[in-house]
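Below: the structure, in C-alpha cells.
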Amino acid sequence: MRNKINRDKPFREKQETKKDGKKFGKKDDKKNYPKFKDKNEKSVLKKDYRAKDEEIPAEREGRDLIYGRHPVLEAIRNEAPLNKAWILENSRNLGQIIDLLKEHDVPYKLTPKEFLDKLAGKNVNHQGVVVELAGKEYTDFAEVIELSKSRPVFLIVLDKIEDPHNLGAIIRTADAVGVDAIIIPKHRAAGLTGIVAKTSAGAIQRMKVCRVTNLTQTMDILKQHNVWLAGVDLDGKDIYSQANLKGSVAIVVGGEGKGLTKSVKDQCDFVVKIPMQSAANSLNASVATAIVIYEVYRQRGFNVGQ
C-alpha cells in the first residue's frame, strides 16, 4: 500500500475514446506503407503510418545514421546505443540483421526502397538497411526502481512525444529542476537523436532517460514502488498548483495536440490542469511540462531529493 502521503481519493471520469478521424486512403495505397515489427508480435501493417517530415530528409543532418550491412552488423554486435532501424521490405538477405535487432530489442520498420534512398541520401549504397545511433545510451528502468527504494524520486513520463525539439527542451528543463529520470515509450515517440541532444544544450548527458516497451505496465510498476502518478490534461480535476506533488512523484504528459491517451490517463492516480484564459485550449508539450515540474520543484523547497 502506498501510504506515505495522505491524498484525496483520485477523481477520474470515464471519457469516451476519441477516434483519430484520419482515414487510411485508397486500399491500393496499403502496399506502400512500411510494416512495423515488434519483438513479441508478428509483422503488422499500421494504417496511420506516414513517413513524417522529421524522418526524411529535412533533418537528416541532425541524425547520426549508419548504413550498409557490415557497418550495421558491427554496430549491433558492439552494442552501440541505437534508436531504431529501417530495413528494406521483402529483402531475403537481411535475416541476420533482423535477428540481431530482435535479440538486442531494437525497434525496426520494414520500408520501401524509396524511403531508404531519401533517408540515407542521394547516391548512397545503403544495401537495404539504415540504423540511427542514439545521442546517448538509455538508462535501464531497473536503476530508477532501485533509486526509488532509497529516497523520494522525481520523474517525468512522456506519452508519445514525437517532436524531438520538444523532447530536447523537456530534458533541458528537467535537468534544471533536478528530475531524476525521464521515461519514454519505445514506439511512436522521439528517441535520443542528435536533434534532441542539440536542443537539450548538453543536458542530455546528465539526464537519465529510460525507454520502455509498454508505458502502462511501467506506470503500474512505479505505483507498486510508492510513486504517485500525476497526469497533466485539460480535463484535470484540480489546478496543478493546488495538488500535493511532494514525495515520490511522476509527472505524466501527453503528446503534441493529442494529450494523454486513455490507457495512460487511466493509470494516473490523479489528473491536474493548467488554467488558461486564451481561446487556445492547449500548450506546447515542453511548456506544459516545464510549468508543472517547476511547481514540484517549488513544493520541494527548491531542493532536490525532498
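The values are calculated or read from the model by the stated rules, or taken from the named source; none is laboratory data. Since the structure is predicted, the reported quantities are computational estimates derived from the model, not experimental observations. Reconstructed Cβ throughout: ideal geometry from the backbone, glycine too, with neighbour counts over all protein chains shown.
Residues in the range 187-208 that are surrounded by 19 or more Cβ atoms within 10 Å (Cβ to Cβ) and assigned to a loop (DSSP other than H, G, I, E, B): 190, 191, 192, 193, 200, 207.
Tell me whether the range 257-275 contains one or more residues that are assigned to a helix (DSSP H, G or I), without any contact (Cβ under 8 Å) to a residue 60 or more places away in the chain and surrounded by fewer than 16 Cβ atoms within 10 Å (Cβ to Cβ). Taking every residue of the range 257-275 in turn, at least one turns out to be assigned to a helix (DSSP H, G or I), without any contact (Cβ under 8 Å) to a residue 60 or more places away in the chain and surrounded by fewer than 16 Cβ atoms within 10 Å (Cβ to Cβ). A search for C-beta distances below 8 Å between a residue of the range 283-297 that is free of Cβ contacts under 8 Å to residues at least 60 places away in the same chain and more than 17 Å from residue 154 (Cβ to Cβ) and any residue that is of a type outside the set (Phe, Trp, Tyr) and in a helix (DSSP H, G or I), counting only pairs 6+ apart in sequence or on different chains, returns 283/291.
Among (1) closer than 16 Å to residue 175 by Cα; (2) in a loop (DSSP other than H, G, I, E, B), where does residue 287 come up short? Failing condition for residue 287: (2). Output the residue which, of all residues in the range 64-89 that are closer than 15 Å to residue 191 by Cα and modelled with pLDDT under 85, is surrounded by the fewest Cβ atoms within 10 Å (Cβ to Cβ). Per the criteria, the residue is 64. Taken together, 226, 244 contain a single residue that is assigned to a loop (DSSP other than H, G, I, E, B), over 18 Å from residue 162 (Cα atoms) and touching an Asp or Glu at 6+ places or on another chain (Cβ under 9 Å), which is 244. Within the range 237-249, not a single residue is surrounded by 16 or more Cβ atoms within 10 Å (Cβ to Cβ), modelled with pLDDT of 90 or more, among the β-branched types (Val, Ile, Thr) and more than 14 Å from residue 295 (Cα to Cα). Checking 179, 212 one by one, the residue that is hydrophobic (A, V, I, L, M, F, W, C) and surrounded by 21 or more Cβ atoms within 10 Å (Cβ to Cβ) is 179 and no other. Residue 109 meets all of the listed conditions (1) under 20 Å from residue 74 (Cβ atoms); (2) surrounded by 18 or more Cβ atoms within 10 Å (Cβ to Cβ) but one, namely (1). Please work out if residue 163 is within 30 Å of residue 291 (Cα to Cα), assigned by TED's automatic domain parsing to the domain that holds residue 290 and in contact with an Asp or Glu (Cβ under 6 Å, 6 or more places away or on another chain). Yes, satisfied.
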